[in-house]
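The values are calculated or read from the model by the stated rules, or taken from the named source; none is laboratory data. On a predicted model such as this, the values are computed, not experimentally measured, just so you know. Backbone-built Cβ (ideal geometry, glycine too); neighbour counts: all protein chains shown.
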Amino acid sequence: MVNLYKNKFYAVFGNPINHSKSPDIHNFFYKLYSLDYKYIKICASKNFFLKDILSFFNKGGKGANITLPFKEKIFSLCNEITKRAQISGSINTLKKFDNGNILGDNTDGIGFLSDLLFHNIVKKKFNLLIIGAGGAAKGVIYPLLQFGCNIFLTNRTFERAKILSNKFKNFGNIESITLRNLSNMRFNLIINATSSGISNEVPLIPCNIINKKTICYDMFYGDKNTVFMNFCKSYGAKKIYSGIGMLIHQAAHSFFLWNNIFPDIKKTVNFLSKK
């Protein structure tokens, strides 16, 4: 098939996708390192997304990021899959090699841990509460356990938390806990891995587990503080963070996979803060 892309092209696939900041981040990386590449966003069909992604690669695309709702559905596209993608059960990064093979990777987890380390808000043996047992939680648990954190997993439907914690129990200290049993617990870091921010709702956690020493992180992000961040702040939390840092870091790890260059995070943060 004829290569329709004169330069190296990369893309993010999702549905919806208009909100994505990934093109801003990656095109800034390319400008920063004077690379004549381009990164675009593509709204893939929910029924024919595999065909859309393959078409992109057949036309000369070199790499892609995958976001909701396709992360857990593209394993069949890949000739090779990294260990961290296999363990997490989801893929957010694809790389096409010169021989035509496609590698599937997951940079969400390492991107999340990198952002925590960037802000110096995680240490070994920290007690972490993760709220939610969906794809977002699944993608970050393995690197956090490998780092040495103790994870407590809760979810509105407890059975889902139990199933997910059992999946990762061989990789470190993780246990599931019901929402009603959280009141007597204390955590160094509370992570919202639910999609509650989309509907401007707050997860049903007891407010007494939050105090001025509690670090709170919402994996959801927007142009201002999320509802969860404001909720935590109202109960005394001084250190609150959104998922924009995770987005930057997972993008950086994808960029490294494609170009063997790890981009400057501080310059990227400054760039995004001015947009």
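The table below gives the values:
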quantity	calculated
Among (1) of a type outside the set (Ser, Thr, Tyr); (2) within 26 Å of Arg84 (Cβ to Cβ); (3) in contact with a helix residue (DSSP H, G or I) (Cβ under 9 Å, 6 or more places away or on another chain) - the single one Leu257 does not satisfy	(3)
Residues within the range 53-70 that are within 19 Å of Ser20 (Cα to Cα) and of a type in the set (Phe, Trp, Tyr), tallied	2
Any hit, the range 55-76, residues being free of Cβ contacts under 8 Å to residues at least 24 places away in the same chain and surrounded by fewer than 18 Cβ atoms within 10 Å (Cβ to Cβ)	yes
Residue list for the range 9-52, restricted to those being surrounded by 14 or more Cβ atoms within 10 Å (Cβ to Cβ) and basic (Lys, Arg)	Lys21, Lys38, Lys41
Helices (runs of 4 or more DSSP H) contained entirely in the range 172-274, each with at least 2 residues that are closer than 22 Å to Phe126 by Cα	227-234, 244-259
Flag for Ile210 being out of contact with any helix residue (DSSP H, G or I) (no Cβ under 6 Å at 6 or more places or on another chain) and aliphatic (A, V, I, L, M)	no
Test result for Ile205, surrounded by 14 or more Cβ atoms within 10 Å (Cβ to Cβ), touching a residue at least 24 places away in the same chain (Cβ under 8 Å), over 23 Å from Asn92 (Cα atoms) and not assigned by TED's automatic domain parsing to the domain that holds Lys21	yes
Matching helices (runs of 4 or more DSSP H) fully within the range 35-122 where at least 3 residues are among the hydrophobic types (A, V, I, L, M, F, W, C)	49-58, 108-118
Contacts under 7 angstrom Cβ, first residue in the range 257-275 being under 20 Å from Asn106 (Cβ atoms), partner small (Gly, Ala, Ser), 6 or more apart	Trp258/Gly63; Phe262/Ala252; Pro263/Ala252; Ile265/Ala252
Positions within the range 88-109 being crowded, with 21+ Cβ neighbours inside 10 Å and in contact with a helix residue (DSSP H, G or I) (Cβ under 6 Å, 6 or more places away or on another chain), in sequence order	Ser88, Ser90, Ile91, Asn92, Thr93, Gly104, Asp105, Asn106, Thr107, Asp108, Gly109
Test set (1) assigned by TED's automatic domain parsing to the domain that holds Arg180; (2) modelled with pLDDT under 95; (3) not polar (S, T, N, Q) - His119 fails condition number	(2)
Residue within the range 132-142 that is assigned to a loop (DSSP other than H, G, I, E, B), surrounded by fewer than 20 Cβ atoms within 10 Å (Cβ to Cβ) and modelled with pLDDT under 95 present	yes
Scope the range 211-220; condition in contact with a Ser or Thr (Cβ under 9 Å, 6 or more places away or on another chain) and surrounded by fewer than 19 Cβ atoms within 10 Å (Cβ to Cβ); matching residues	none
Qualifying position, being surrounded by fewer than 24 Cβ atoms within 10 Å (Cβ to Cβ), among the basic types (Lys, Arg) and not in a helix (DSSP H, G or I), among Lys162, Lys125	Lys125
Selection count, the range 221-240, where residues are crowded, with 21+ Cβ neighbours inside 10 Å and within 19 Å of the chain's Cα centre (by Cα)	3
Answer from Thr67, Thr107, Thr82, Thr93 - the residue that is closer than 20 Å to Met246 by Cβ and modelled with pLDDT under 95	Thr67
